[in-house]
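The values are calculated or read from the model by the stated rules, or taken from the named source; none is laboratory data. In this text the structure is predicted, and so the values were computed from the model without any measurement. Reconstructed Cβ throughout: ideal geometry from the backbone, glycine too, with neighbour counts over all protein chains shown. Heads up: the accessible areas ignore ligands, DNA and RNA and are worked out on the full protein's heavy atoms, side chains in. Shrake-Rupley method; radii C 1.70, N 1.55, O 1.52, S 1.80 Å.
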Amino acid sequence: MKISRREVLAGLGLGSAAAALPLAAGAQNAARSNAATRKIRIACMHFAHETVTFLPYDTTTEDFIYEGSPARGEALLSSSPEGYMGGFVKVAREHANVELVGIESPLGSKKGSGSGWITKEAFEHFTERMIADLKAQGPFDGAYLSLHGAMGVRDVAKPEATLARRVREVIGPKAFIAGTFDPHGNEDDEFLRYANLAFCIKYYPHYDGALQGERAARTLIRCIRGDYKPTTATAKPPIITPSVLQWTGQSPWMDLVQRALVWEARETDVYVSFYYGFAFMDAADAGMTFQVMTNGDPELAKHIADDMAQTAWRLRDELVHGTKVYRHKEGVALAKQAIQKGAVPYVLADHSDRTGAATWLLKEIIDQKLSGCLIGTIADEDAINTLRKKGVKVGDDFDMEIGGKLDVSAGKPVRVVGKVHTVSGGLSRGSSQAGGSQLWVSVKFGDGNVVVISPYLSQIVQPQSFTQLGIDPNTFKGFAIKSRVHFRRGFYDSGYAKTILLVEPDDPFVGTVRLEALNYKYLKLDKFYPYGKNVTYPPKT
């Protein structure tokens, strides 16, 4: 006699309710299987900008339009193979039945990180084109937004959140939205009112952009297929710091990154985003932020966010005062001492130059007769155009004023007399690769010094970048570069530089560590440590 499964369970005293449980589980497994094989479509978009709102010029529509930008389709999906987009695409395409659609998007500004307020017209122009393409190519199960977090748009309070809201209006309430961010973002919980997920780079220099893109893809697909139910919590300790202090290769910044990693290791499906903040964007929501995502556990998200914020508050004094910055005169004098001691090569990192045209350090190098210094770079588009028209060649005599002029922070042009050392295609933006149609010129002057003239601000992040310009970095005693922290990737992590000196001008210009000198309109410094007298965390009620 055949006995039914229901009768066996009844004989064990489990009854009809228990009999239904495995059947329900089976149905759930079948549903998961169907979800895992169902084809899903994800829209991919990019609109990222680190806005220095104290610069005297705006970033316009034309600044985002050049060969290759805007990009859509496969051109967008392949636009940043080692960054957020590259990581996202790689992992998404490892999943079966996932279609990625590259929505028309602007790439970076031609001005790079030396860009002022984005005009409202530019923001609306590109946002409207993105939304139109999103509508035309829909429907979608999800959307991925490759963002920055410190975009400043005139008359638009929170551009990244605004973009998320516009995307949500198109793809509907049931779809999922994920964003990736730079840690120099001024984020709060507004973006997550419209989006579901946010993943932020942890390290400075920024080593893990592709990793955060991978995380975003993996978790977004899990959300769409019902395997991850995002819950988030945000905490903002009232701490504000200039970016040059935020190097994560030393404590206490390293300690906060490590604490975030420990939480992610301890708890399954937890992601901790640590936004250091960007003080050179004048925004009401500036400053440090922690965001935590969990898989359906809001209490855990809040607990971790509070723990991270309170830890940062305990470390606040060292966060603000733990890094030494010299004035240019003292820094150059210390570089000369490094030469005498054999502690070379040295690096003079002029962190505060946000236009690329500043000549303060160049002038000090000339005045103190520093020798064997490779200066990279002085941005001067007019000088480059003049040299192009002259048909500049290696070995030509050189006698020109370079740099300065752009604004008061750039200083006055400095006269350099010497010979043209190299003529090259320059470096592509954001990379160490030769830039082809560009023109960069280096000039040898003084006692073995060379200055590189570029058309725009360039952060040299590794000595090998100079090799791309036809210059052997190993023949110099030291370097004077325009960089906050990114240069440590190539000059410190490799052990290349023996002496590193962070420097800025006597006067507190755009990128200064002396934030009290900046003319903030929206950001209220007295609400942040170390500028407010009665700042507490958690705030007193």
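Values computed for the structure shown
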read-out: Area of residue 535 that stays accessible when all protein chains are in place (1.4 Å probe, Å², to 10); value: 30
read-out: Cross-link pairs beyond the 23 Å C-alpha cut-off, checked among 412/482; 111/412; 419/498; value: 419/498
read-out: Surface accessible to a 1.4 Å probe, per residue, for the residues of the chain, Å²; value: 42
read-out: Counting DSSP beta bridges with both ends in the chain, the antiparallel % (nearest 5); value: 45
read-out: Sulfur and carbon atoms: percent of accessible area, the stretch 403-541 [1.4 Å]; value: 50
read-out: Net dipole in debye of the stretch 207-300 [+1 Lys, Arg Cβ; -1 Asp, Glu Cβ; about Cα centre; nearest 20]; value: 160
read-out: Sequence-distant residues sharing a close amide H with residue 398 (under 5 Å, placed H); value: 418, 419, 420
read-out: Computed accessible area, residue 78, all protein chains, 1.4 angstrom probe, square angstrom; value: 70
read-out: Of 329/527; 90/202; 329/477; 236/521; 236/302; 236/527, pairs whose Cα-Cα distance is over 22 Å; value: 329/527
read-out: Largest to smallest principal axis extent of the C-alpha atoms in the chain, angstrom; value: 105, 51, 44
read-out: Accessible area of residue 299 in the full protein assembly, 1.4 Å probe (Å², nearest 10); value: 150
read-out: Helix axis angle, 381-390 relative to the chain longest principal axis, alpha carbon, degrees; value: 60
read-out: Solvent-accessible area, 1.4 Å probe, carbon plus sulfur percent, for the stretch 259-382; value: 47
read-out: Cross-link reach list, aspartates and glutamates versus residue 533, counting only Cα pairs under 19 Å and skipping chain neighbours closer than eight places; value: 317, 318, 516
read-out: Theoretical gain in end-to-end length, residue 155 to residue 132 [0.36 nm per residue, Cα-Cα removed]; value: 6.1 nm
read-out: Solvent exposure, largest accessible area first (probe 1.4 Å, DNA, RNA and ligands not counted), of 510, 417, 408; value: 408, 417, 510
read-out: On Cα atoms only, tilt of 15-37 relative to the major axis of the chain in degrees; value: 40
read-out: Solvent exposure, largest accessible area first (probe 1.4 Å, DNA, RNA and ligands not counted), of 321, 421; value: 321, 421
read-out: Estimated [θ] at 222 nm from DSSP helical runs (n ≥ 4, -39500 (n - 2.57)) normalised by residues in the chain, nearest 500; value: -9500 deg cm²/dmol
read-out: Distance in nm between pseudo-label sites at residue 211 and residue 231 (7 Å out along the Cβ direction from Cα); value: 2.7
